[in-house]
Amino acid sequence: ASDVYKRQQHGREKLANFLEQLQRLDISISELTILWKSDNSDDTEAFQISALRSKIERNYSGKLELVPKRRHDVRHFHDRVIYFDIQETGEKWRVDVSSGIDNLMSRTKECSLFIEKS
């Protein structure tokens with residue numbers, strides 16, 4: 001169980017680091033919604049929400065919506081998609097991260113980004 005916990009804690013830390021890097025790039029985030037599969041964990045949904053909120057709110061003060069999902073709630077779940085609504089231009093971007101935020105944030109791993117602009 002401790003191995004599972006470390007992996008989940010690592011994922012929350014990587015997400016928090018990703019958000020911190022966006023802010024360092026002067027990317028302002030006014031609203032953030034995060035969906036995840038809550039049944040991929042031995043922790044309760046309440047604990048997952050609390051732990052995730054704690055990590056994110058260290059560096060983020062905008063509107064935050066945390067939405068745990070169960071496997072049976074969705075037909076197809078892709079946990080590596082980021083949506084951007086760019087206020088200055090009105091553009092909307094959908095960014096598919098091919099190998100997850102973990103690889104995106106690593107200097108030693110590969111990751112592809114597929115960007116669809118509308």
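The string of couplings for segment 82-91 from the Karplus curve (6.51, -1.76, 1.60, θ = phi - 60°) is 10, 10, 10, 10, 8, 5, 5, 10, x, 6 Hz, one whole number per residue in order, with x for Gly and Pro. Residues whose amide H comes within less than 5 Å of that of Trp36, counting only those at least five positions distant or on another chain, are Val67, Lys69 (H built at 1.01 Å from N in the peptide plane). Along the chain, the exposed loop sites are GluC sites (Glu not before Pro) outside DSSP states H, G, I, E and B with at most 12 other Cβ atoms within 10 Å, and the longest stretch free of them is 1-56.
For the chain, the longest principal axis of the Cα atoms and the long axis of helix 45-56 meet at an angle of about 40 degrees. For the chain, the solvent-accessible area works out to 72 Å² per residue, with a probe of 1.4 Å and every protein chain left in place. Of the candidates Lys37, Lys63, Lys55, which one comes out as most mobile in a Gaussian network treatment of the chain with C-alpha springs shorter than 10 Å? Judging by the Gaussian network model, the answer is Lys63. Of the chymotrypsin sites (Phe, Trp or Tyr not before Pro) in segment 14-99, the ones in a loop by DSSP (not H, G, I, E or B) with at most 15 other beta carbons within 10 Å are Phe77.
On a 21 Å Cα-Cα criterion, which of the cross-link pairs Lys55/Lys109; Lys63/Lys92; Lys14/Lys117 come out too long? Violating the 21 Å limit, Cα to Cα: Lys55/Lys109; Lys14/Lys117. Compared with the dominant Cα axis of the chain, that is its longest principal axis, helix 2-24 is turned about 20°. Near the amide H of Asn59, within less than 5 Å, lie no amide hydrogens of residues on another chain or at least 5 residues away, with H placed in the peptide plane.
The values are calculated or read from the model by the stated rules, or taken from the named source; none is laboratory data. All of these numbers come straight from a predicted model, not from anything done at the bench. In this analysis, Cβ positions are derived from the backbone assuming ideal geometry, glycine residues included, and neighbour counts consider all displayed protein chains. Note: areas computed on protein heavy atoms with side chains; ligands, DNA, RNA excluded. Shrake-Rupley method; radii C 1.70, N 1.55, O 1.52, S 1.80 Å.
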